[in-house]
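In what follows, a single structure is set out as structure tokens and then discussed.
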Amino acid sequence: MSFFTNKQPLVADILSRYPANRKRSAVMPLLREVQNAEGYVSDAACAEIAAIIESTATEVKSVMSFYSTYSSSPTGKYHLQVCMTLSCALQGSDQMWDYLCETLDIGVGDVTPDGLFSVQKVECLGSCGTAPLMQVSDSGYYECLTKKRLNALLADFKARGDGSLPESDVKAPVFIQKNGDVVQQITADGMPVGGAL
Amino acid sequence: MTTAVAEVAAPEKPKSIVSGLDPRFKPRLYEHVGQANSWTLEYALKNGAYEGAKRALAGTPEAIQDEVKKAGLRGRGGAGFPTGVKWSFMPKEDGKPHYLVCNADESEPGTYKDRYLMESDPHQLLEGMLVGMHAIRANVGYIYIRGEYILGANRLNAAIAEARAAGILGENALGFGKSMEVYVHRGAGAYICGEETALMNSLEGLRANPRLKPPFPAQAGIFGMPSTVNNVVSIASAALIMRHGADWFSSMGTEKSKGNFLFHISGPVKRPGVYELPLGTTYREIIYTWGGGPTEPIKAFNPGGSSTPMLPFTDEILDMQADYENCASKGTFLGTGGIILIPQNCDIVNMMYNYVRFYGHESCGKCTPCREGIGTWMNRIFQKLVSGKGDPNDVKILEDLFGNIKGKSFCLLADSCIMPVQSAMKLFRDEFEYIAQHGKPMYTGYGNRWKDE
Ligand SMILES: Cc1cc2nc3c(=O)[nH]c(=O)nc-3n(C[C@H](O)[C@H](O)[C@H](O)COP(=O)(O)O)c2cc1C
Ligand code: SF4
Ligand code: FES
């Protein structure tokens, strides 16, 4: 059975967001559905998407290859994407990356033998105030990562082992004035505020 | 309920608000960020959401354009083009569908202001979408959000569902008899999608290469129809202007730079974060009072994202009021307001290699000066310099490359790379020459910065 066979309401919902004669616009949301469910997008899935949007598999693959968050080969259950751009580099992302690869004993393109982890370097995640950070799979950000916090997170992922994720513990670093003092809008429950620990 | 009406009706013209410490200043864009359940419709309605949209929809598109022009709102996506003027470029009675596209691709390094607004106050953005859509006679709006902002996309989709169920969006939006729909379109990791014509190609399901202008989006944008692209904060600000009035907005800022603005800092600073402040606040107040000051000596900063040329960290610059004109007078841009502090003890060449790598990676590959010039040549020379294999001629070669790339590429991504790197070379030429000559950097603090705890 193919991926979208029993997901017709979802397909219809996605197509309804674009003009009827502009089905091609649905290519990104459809790729995203497959990527999230399977961890990568196979050739067969590309062909299926092409049929839905009335295009060709070659065209779908060409669009897919333009973007960095779709992958054509399987990733680990925890796909760790570390931001390497300057604001993160200034908080040590290069060292964090090296440590991660060493600890997990993998490099770009590998998956750990237990299928749990893969790693990727990415560019600015738009969260430069909580550097260094990583995005895990197609899910949330894990921020303000010191070595200690990273180790705890890796241990947590290993203990879960099923791709499920803990909730992020970093609150928005937003500052206001209160009675003459500058304070965080909502206190961060003792958690690190931004990148300053 | 807010007391906007009283503020709007202030009798004589008081002095403009240009400091976050002015007791008259109150954060509005980020007023609800961080509050419990701030993203729900119930919370939003309790706090005055959609009152501005009702006011907007009760009037004509021209009335909104005029109010936004009068307020002095300029685009918050980086270029600072007046929003009301942009809306007035849209055709009037052409019988074609029009589209409003909210640019939520936020990928400019150092920039993280849109994210928290969408996560914490999606209804404010939806309200702005209604205002903007009415102003340009559109029935459909798209929010193009970068793929990595998953919480933001989820919160926006939930807010859209709630708003539709409540009759705020849909066939008879807010009871004004007009169909208004908003859809979220998620990106997939490409900086170039923030460039408005590339964004349109991406939304159409094509590879995100920029398009030739003209035709401009107002003539032929997405699906070949008249379209306007605006940043998240521009659109949210329009909602606030309709809620609180143009006079409230223009009571903040300097002569030509009006309103509240989301400054934010990254790099070595005590309290990295977002601070909503009036335009015209000094860089000293932003960095020291709000940011808590640097945690180590600083030599320069990018004022508004990585693409904006660096300013030296001097008293003169720190005492400058942050606005569009002052930045322009120093050869840079206010940009996104994302300040990146550049530490003294880090080698500028290594830091600029980080930028060059970023822009090389994000080059869409369409035109040669950018693809080869940045992606290949500049990357190679920087690689050579930082690995200690440079020679004095490399600095000259880099300068030649700047001249051959800047202004000669298809879109502004290439210039966005050259401008900061060129500014760094102008300010810190000695560091470039040192590493080229000695094979080692003048400052060695770049590599070793990760904290254990
Ligand atoms: C390479 C490049 C990247 C851009 N990225 C963004 C972005 O992430 N968000 C944004 O709002 N504008 C971005 N812009 C600017 C947009 O093209 C456009 O000018 C802006 O969205 C207009 O909105 P405004 O008038 O509300 O500022 C980018 C421009 C370029 C050249
Ligand atoms: S300047 Fe760069 S990003 Fe822009 S069109 Fe040319 S190759 Fe693409
Ligand atoms: S530089 Fe890493 S999130 Fe922006």
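The values are calculated or read from the model by the stated rules, or taken from the named source; none is laboratory data. Keep in mind that this is a model prediction, so the values were computed, not measured. Neighbour counts run over all protein chains shown; Cβ positions are idealised from the backbone, glycine included. Just the protein is used for accessible areas: all its heavy atoms, side chains included, with ligands, DNA and RNA removed. Shrake-Rupley method; radii C 1.70, N 1.55, O 1.52, S 1.80 Å.
Side notes on the structure shown:
- Long-range neighbours under 6 Å by Cβ, at least six apart or interchain, first residue in contact (Cβ under 8 Å) with a residue 40 or more places away in the chain within the range B:195-221, second charged (D, E, K, R): B:THR197/B:ARG211; B:ASN209/B:LYS366; B:PRO210/B:GLU195
- Within the range B:243-270, the set of residues being over 20 Å from B:GLY77 (Cα atoms), out of contact with any Asp or Glu (no Cβ under 6 Å at 6 or more places or on another chain) and more than 14 Å from every other protein chain (Cβ to nearest Cβ) comprises B:HIS244, B:GLY245, B:ASP247, B:SER251, B:GLU255.
- Output for the range A:38-62, where each listed residue is among the small types (Gly, Ala, Ser) and over 10 Å from A:PHE3 (Cβ atoms): A:GLY39, A:ALA47, A:ALA50, A:ALA51, A:SER55, A:ALA57, A:SER62
- Inside the range B:404-425, residues that are open to solvent by 40 Å² or more (accessible area, probe 1.4 Å) and more than 16 Å from ligand 1 (Cβ to nearest atom) make up a count of 2.
- Top-ranked residue in the range A:113-131 [being more than 16 Å from ligand 1 (Cβ to nearest atom) and open to solvent by 10 Å² or more (accessible area, probe 1.4 Å); ranked as nearest to A:ARG32 (Cα to Cα)]: A:GLN120
- Only one of the numbered conditions (1) open to solvent by less than 10 Å² (accessible area, probe 1.4 Å); (2) within 19 Å of the chain's Cα centre (by Cα); (3) not small (Gly, Ala, Ser) is violated by B:ASN326, and that is (1).
- Checking each residue in the range A:55-76 for being in contact with a Lys or Arg (Cβ under 9 Å, 6 or more places away or on another chain) and away from chain B (no Cβ under 11 Å) picks out only A:SER72.
- Listed by first and then second residue, the pairs with beta-carbon distance under 7 Å, at least 6 apart or on different chains, first residue in the range B:372-389 and within 18 Å of B:PRO420 (Cα to Cα), second within 13 Å of ligand 2 (Cβ to nearest atom) and open to solvent by 30 Å² or more (accessible area, probe 1.4 Å), are B:GLY373/B:ASN404.
- Residues that are over 21 Å from the mean Cα position of the chain (by Cα) and either within 16 Å of ligand 3 (Cβ to nearest atom) or not in a helix (DSSP H, G or I) (or both), drawn from the range B:61-111: B:PHE89, B:MET90, B:PRO91, B:LYS92, B:GLU93, B:ASP94, B:GLY95, B:LYS96, B:PRO97, B:HIS98
- Enumeration of residues in the range B:123-143 that are out of contact with any strand residue (DSSP E or B) (no Cβ under 9 Å at 6 or more places or on another chain) and open to solvent by 10 Å² or more (accessible area, probe 1.4 Å): B:ARG137
- Of the residues contained in the range B:181-193, none is found to be assigned to a loop (DSSP other than H, G, I, E, B) and of a type in the set (Ser, Thr, Tyr).
- Candidates are the residues of the range B:188-213 that are open to solvent by 40 Å² or more (accessible area, probe 1.4 Å) and facing chain A (nearest Cβ under 10 Å); the one that is nearest to A:VAL27 (Cα to Cα) is B:LEU206.
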